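Enquirer: Got a structure here, written out as structure tokens. Questions coming.
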Amino acid sequence: MIDEKREKFIIPIGPQHPALKEPGHFEFTVDGEIVTAASVRLGYAHRGIEKATESRNWTQNMYLLERICGICSHIHALAYCLGVEKLAGVSAPPRAQAIRVIVAELERIHSHLMWLGVAAHEAGFDTLFMYSWRDREALMDVLESLTGNRVNYSANLIGGVKFDISTDQRDTILRALETLEERSKHYLSIVTSDMVFLRRTRGIGTTSAAQAEKIGLVGPTARASGVARDVRVDAPYAAYVDFPVKLVLHTVGDLESRFVVRINELFESYRLIREILDHMPEGEITARIPRRIKEGETISRVEAPRGELFYFIKSNGSDMPERIKVRTPTMCNMASVPVLGIGQQLADIPMILAGIDPCFSCNDRTTVIHQGEDGDVWTWERLRQHGIDFYRGQP
Amino acid sequence: MSEILAILVFPGGLFLLAGGMMYEWADRKLIARLQNRVGPRWFQPLADVVKLLVKEEVIPSGVSTFLFVVLPIVALAGALTSALYVPLAGLAPTFSFSGDLIVALYLLSLLTLCTGLAGSNTTDSFSLVGATRTLTQLFSYEAPFLVALLGPAIAAGSWQISEVNAYAQSHWMAFLQPVGFVVALIGLLGKLELPPFDSPEAETEIVAGAMTEYSGRGLALFYLGRKVELMVGLTLVASFYLGGLNNPLEFVLKTLVLLLGMSVLQSLMARLRIDQVVGLWWRYGALLVLGQWLVLMLIGGFTS
Amino acid sequence: MRMGAMFTDVIRALFQRPATRQYPFERTASPDRLRGKLNWDAEKCTGCSLCVKDCPAQALEVFMVDKANKRVVLRYHLDRCTYCAQCVVSCRQSALTMAHDEWELADTDKKLFTITCGDDADVQRLADLAPKGVNEQT
């Protein structure tokens, strides 16, 4: 075939596609099996949560914001609570902070184990997928017995936590961690030694530290490229001040190192939870907080399982926030997919996408789609008319 | 009369379809157990087929309708016909003539070929990529698989399946030609597009590959063809390498052992990329089995 | 580098019971802290409506049917409830608790999801007070 005559052959992935459990649209232009161009379009799961927070009171918002992400629900509520507490000038008692961190780390473990399964599934390694999810189940049971729910734990309150950790529960957690630690060691040896699996991960999607800095990667994805970036270390919050975390780094930056970094973070989480449980601060678990929050604005940063989670909170002195802005880690990491995808095999694309641990409903905060229009502000009527015209024009 | 019965009921037709579904169930159940899951109940494959047959068949625009309808039928027919030449259920093949091994093998490849054609018939990009991968994979495993099955045939001195089967009863080829056995087993995985050779239908990349546009009856027929091929392929490899098949009990035992081996292999490996599949077959599979062939020829030459 | 790193897992699983719990045939006890259906103690309730204010899902309605005698009726919308337990925390009189064993609450009849609790006479009084059709209102 003559090159000039060759049509662009585009593989669309999403918004409905078996590789993605959430909606997002990717277009990969391929030449044979090699990807030559890629584009991302997000915004299918935009739910208007930030606007909705402005018509709910401070307490109700916690539960709404917790539902931004089903996997890292606790960390969203934590970021919000820390921010609101900072605005109100109250701080949660040390025991509450410790419990918050324990739940956050348990959540990180469950998120990373789930990611391990999903990434293995993308590579067609369903056995690893089934086993890692089976073992994750033990942790879900712990979270359920501890907080009362398997997802959306609702452990936080503004000014503290809902529950205490009893001695019995402490033992349950420690027992679960023991089995999980042993299994994690096993998984680490699998992902670093299985020949067939390594052929799908080693040297694929390599991101150099400089590239990671330039794209602005966060979380384990950045740490796999050797970028030392972790909010728990850089700006410790809650109980991380008293119980410091060791930074887990890897320098290669390919898919294998993302596996290694995430599994090694599991070990760090196990260690941290044990340490906190051994040195639990005594005392109250809630602090009194006014229904109306003082006027002012603040930012709150925490380390979600996927990377830095950022909250901007502004209060006008009433019982409802004036503005809340959320930036989730997937937003920062998503830019790496079209960059890294170019030049790779089509078969590696789902792996590269899964490698950043994407969470689409998290990152769909705002949608801006340029279609040749200038970037002015549209009135509601114009937007509505545009919608009507757009769908009329469809075949 | 008896021939019509043989084609429609036993060992062709109904028996094959039912047997194919049972083997498919056994495969799924075994993999589920290997992954510490419960797995489907015994009628799941039947339920799948019935459901698909009941559903509407959507013929997409931009395809040749004739090809779209005919290809699944040809694929199933090819798989069913190939069964008439193999010692199904440990009984003598229905039809047998000198050189039927080659015929049976090519009839088995018809399914893959039809899948490839069906994919390239549609305008959908997933189907096209799937079809390319299906055909690429066909060219990579076909030759080594053929040569691996010819090993026992050469040892038996005949290219007639029934004679090789008879010869194998006194010679366990799996021990005499271990390389050929392994290549045949892995070749069967490739032929059936099972993991790790499922890149032509890798759901996380190209949805269902060449089958993406198929629904309803067409898809059911392709699936049935795949199930029948699983049974025929197992029979062929078991009769050649596992000491022949001469009664139903032996048939069931040996094919199930083979199936267990295949399930373990399937559950142990991640999906290979298509370039890795081609590399694997031509760099290792073909060379190994050819090397073994050469050794066999030399030994044969010296002893005769 | 080795082939089949999961070989031992796979072979061991052949002789193991599947990890799948075959709910509903096989049940495990729900943990004590599980947040299930909301229970309300009419005796303790003062009708302060703090729970209504803090409920993120508007699942609760409190009606003061007789202010003098502190007769309160609570309407609980099971289908809206997100089981976050904020109302349990907000209640100063500990009138609200969540059952840990009542959690299989799905039903095909939507009417069953609106639960009006309180003394029978009070519920009747509320129905009389309210204009017709209010009970069916969502």
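Enquirer: Considering only C-alpha atoms, what is the centroid distance from segment B:1-50 to segment A:6-75, in Å?
Expert: If we compute the Cα centre of each part, the gap is 40 Å.
Enquirer: Additional query: Over all residues in B:268-281, what is the mean tally of Cβ atoms on other chains that come within 10 Å of each residue's Cβ?
Expert: The shielding value for this peptide is 6.
Enquirer: I would also like to ask the following. With viscosity set to 0.692 mPa s and temperature to 37 °C, compute the Stokes-Einstein D of segment B:2-303, Rh being the Kirkwood radius across alpha carbon pairs; µm²/s, no decimals.
Expert: The diffusion coefficient I find is 168 µm²/s.
Enquirer: OK, next. Could you tell me what fraction of 2.2 N^0.38 Å the Cα radius of gyration of the protein assembly as shown comes to, as a two-decimal ratio?
Expert: In units of the globular-protein estimate, the protein assembly as shown measures up at 1.11.
Enquirer: Sort A:350-357, A:321-328, B:182-189 for me by packing, meaning the mean count of neighbouring Cβ atoms within 10 Å per residue, highest on top.
Expert: Top of the packing list down: A:350-357, B:182-189, A:321-328.
Enquirer: Suppose R0 equals 25 Å; then what is the FRET efficiency for C:THR108 and B:ARG41 from their Cβ-Cβ distance, rounded to the nearest 0.05?
Expert: Efficiency computed from Cβ-Cβ geometry: 0.45.
Enquirer: Also: Report, largest value first, the span of the C-alpha coordinates of chain A along each principal axis, in whole Å.
Expert: The Cα atoms of chain A stretch 76, 59, 35 Å along their principal axes.
Enquirer: Which part of segment A:318-342 falls in the paramagnetic zone of A:ALA209, meaning amide N under 17 Å from the point 7 Å along Cα-to-beta-carbon?
Expert: Label zone hits: none.
Enquirer: Hey, what number do you get for chain A at 222 nm if only DSSP H runs of n ≥ 4 count, each worth -39500 (n - 2.57), divided across all residues, to the nearest 500?
Expert: -15000 deg cm²/dmol
Enquirer: Can you give the average number of partner chain beta-carbon atoms within 10 Å of each beta-carbon in peptide A:141-153, as a whole number?
Expert: 4
Enquirer: Something else now. Out of segment B:1-66, which trypsin sites (Lys or Arg not before Pro) are coil in DSSP terms and have no more than 13 other C-beta atoms within 10 Å?
Expert: B:ARG41, B:LYS55
Enquirer: Next up: Enumerate the helices in chain B for which the Kyte-Doolittle hydropathy averages -0.5 or more and the C-alpha atoms extend at least 27 Å along the helix's axis, using complete DSSP H runs.
Expert: In chain B, the long hydrophobic H runs are B:13-34, B:100-121, B:125-156, B:216-241, B:248-268.
Enquirer: When the helix-only estimate is applied to chain C (DSSP H runs of n ≥ 4, each -39,500 (n - 2.57), divided by the residue count), what is the mean residue ellipticity at 222 nm, nearest 500 deg cm²/dmol?
Expert: -5000 deg cm²/dmol
Enquirer: If I take the Cα coordinates of segment C:31-129 and project them onto the principal axes, what are the three extents in Å, biggest first?
Expert: 40, 32, 21 Å, listed from the longest principal axis down.
Enquirer: Percent relative contact order of chain C, based on C-alpha pairs within less than 8 angstrom and at least six residues apart?
Expert: Relative contact order of chain C: 27 percent.
Enquirer: Here's a follow-up. For C:LYS70, list the lysines whose Cα falls under 22 Å from its own Cα; do not include residues on the same chain fewer than 8 positions away.
Expert: Answer for C:LYS70, where 22 Å is the Cα cut-off: C:LYS44, C:LYS53, listed by chain and number.
Enquirer: By count of other Cβ within 10 Å, fewest leading, how are B:VAL38, C:VAL65 ordered?
Expert: B:VAL38, C:VAL65
Enquirer: Just how large is the dipole of segment C:31-129 about the Cα centre, in debye to the nearest 20, putting +1 at every Lys and Arg Cβ and -1 at every Asp and Glu Cβ?
Expert: Once rounded to the nearest 20, the dipole reads 440 debye.
Enquirer: Run the dipole for segment B:2-303 about the Cα centre, Lys and Arg Cβ at +1, Asp and Glu Cβ at -1, nothing else charged, and hand back the magnitude in debye, nearest 20.
Expert: 580
Enquirer: Could you work out how far the C-alpha centroid of segment A:112-145 sits from that of segment B:232-304, in angstrom?
Expert: 33
Enquirer: In percent, what relative contact order does segment A:49-332 have, based on Cα pairs under 8 Å that are 6 or more apart in sequence?
Expert: 28
Enquirer: In addition: Along the three principal axes, how long is segment B:69-172 when you take its alpha carbons, biggest first, rounded to the nearest angstrom?
Expert: 52, 25, 20
Enquirer: Using Cβ contacts closer than 10 Å as the measure, can you line up C:TYR23, B:TYR241, B:TYR85 from fewest to most?
Expert: The order, fewest Cβ neighbours first, is C:TYR23, B:TYR85, B:TYR241.
Enquirer: Convex hull over the alpha-carbon atoms of segment B:84-131: what's its volume per residue in Å³?
Expert: Hull volume over Cα atoms, normalised by residue count, gives 85 Å³.
Enquirer: Still on this structure: Would you mind telling me which residue in A:SER73, A:SER336, A:SER55 has the biggest mean-square fluctuation in a Gaussian network model of chain A, where springs connect alpha carbons within a distance under 10 angstrom?
Expert: A:SER55
Enquirer: Which distance in Å, rounded to a whole number, links the C-alpha centroids of segment A:299-353 and segment C:60-91?
Expert: Cα centroid of segment A:299-353 versus Cα centroid of segment C:60-91: 38 Å apart.
Enquirer: Taking amide hydrogens as modeled 1.01 Å from N in the peptide plane, which residues meet the under 5 Å criterion relative to C:THR116, leaving out close sequence neighbours?
Expert: It is C:TYR76, by chain and number.
Enquirer: Other chains near A:127-137: what is the mean number of their Cβ atoms within 10 Å of each residue's Cβ?
Expert: Taking all residues of A:127-137 together, the mean is 5.
Enquirer: Moving to a separate point now. Calculated FRET efficiency, A:VAL90 and C:THR46, Cβ-Cβ r, R0 25 Å, to nearest 0.05?
Expert: Result of the calculation: an efficiency of 0.40.
Enquirer: Please report A:TRP133, C:TRP40 as a ranked list, fewest other C-beta atoms within 10 angstrom at the top and most at the bottom.
Expert: Ranking A:TRP133, C:TRP40 by Cβ neighbours within 10 Å, fewest first, gives A:TRP133, C:TRP40.
Enquirer: Helix-only estimate, please: 222 nm mean residue ellipticity of chain B, summing -39500 (n - 2.57) across DSSP H runs of length 4 or more and dividing by its residues, to the nearest 500.
Expert: Here the helix-only value at 222 nm equals -23000 deg cm²/dmol.
Enquirer: Please list, ordered by chain and number, the residues whose modelled amide H lies under 5 Å from the amide H of A:GLU322; skip anything fewer than 5 residues away on the same chain.
Expert: Placed amide hydrogens put A:LYS314, A:SER315, A:ASN316 under 5 Å from A:GLU322.
Enquirer: How far is helix C:120-129 tilted off the main Cα axis of chain C, in degrees rounded to 10, range 0 to 90?
Expert: 70
Computed from the coordinates by the stated procedures, all read-outs in this text should not be read as laboratory data. On a predicted model such as this, the values are computed, not experimentally measured, just so you know. As a convention, Cβ positions derive from the backbone with ideal geometry for all residues, glycine included, and neighbour counts pool all protein chains shown.
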